[in-house]
Each structure stands twice: as structure tokens, then as C-alpha cells.
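The values are calculated or read from the model by the stated rules, or taken from the named source; none is laboratory data. Here the structure is a predicted model, which is why all the values come from computation and not from measurement. Cβ: placed from backbone, ideal geometry, glycine included. Neighbour counts: every protein chain shown. Calculation scope for accessible area: heavy atoms of the full protein, side chains included, ligands and nucleic acids excluded. Shrake-Rupley method; radii C 1.70, N 1.55, O 1.52, S 1.80 Å.
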Amino acid sequence: MKQCTHAEALPYPEPVPLSETCPECLAEGMDPVQLRLCLSCGHVGCCDSSPGRHAAVHHEKSGHPVMRTHEPGETWRWCFVDHVLV
């Protein structure tokens with residue numbers, strides 16, 4: 001079973017979210033479907049079901065590997081590099 005090779009290098013505690021919602025969606029006049037938090041820097045971006053896919057775009061530009069859901073009551077994490085739940 002494939003595992004994330006990046007989880008152990010994540011900062012603790014988690015970074016503080018840099019915004020309450022996806023700033024790119026706000027700037028582009030779009031509504032995010034769901035939010036994701038970058039666990040390297042605290043960037044908040046929208047999920048792949050949103051038109052802008054800003055969480056994935058942030059990963060592609062920054063190389064930051066792991067994000068977690070930023071939705072109330074959810075705790076799962078995703079590694080973009082290893083393509084697995086963490």
C-alpha cells in the first residue's frame with residue numbers, strides 16, 4: 001500500500017490559515033465549492049470541484065505536498081505528490 005513520504009516533515013503545530021476563504025476565488029469573483037488548507041504555509045484554496053482548483057494550483061506553483069480539508073467537522077489530509085490520503 002502506497003504511503004505519504006511527506007507527512008513526517010510537516011510543521012507542528014499546523015500553520016495558521018492565511019485567509020478565511022480562497023483569495024483567488026474572491027479576486028476572480030467565483031464561489032469556492034470546498035476549502036483546503038496547505039499544511040506547509042497556511043494558504044487556503046478551493047478544491048478540485050471548484051472552477052479555479054486553487055488548492056491544486058497552489059501545490060503546482062509552490063511544491064507544497066500536503067493539504068487538509070478546511071471544512072468544519074472534517075479532518076482528512078491529501079498528499080498531492082504521493083496521491084494518497086495521509
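Considering only residues that are in a helix (DSSP H, G or I) and either more than 21 Å from MET30 (Cβ to Cβ) or open to solvent by 40 Å² or more (accessible area, probe 1.4 Å) (or both), which ones fall in region 58-86?
GLU60, LYS61, SER62
Any residue in region 7-24 that is free of Cβ contacts under 8 Å to residues at least 40 places away in the same chain and surrounded by fewer than 14 Cβ atoms within 10 Å (Cβ to Cβ) sitting within a Cβ distance under 8 Å of a residue that is among the hydroxyl-bearing types (Ser, Thr, Tyr) and assigned to a loop (DSSP other than H, G, I, E, B)? List the pairs, counting only those 6 or more apart or interchain.
PRO11/SER40
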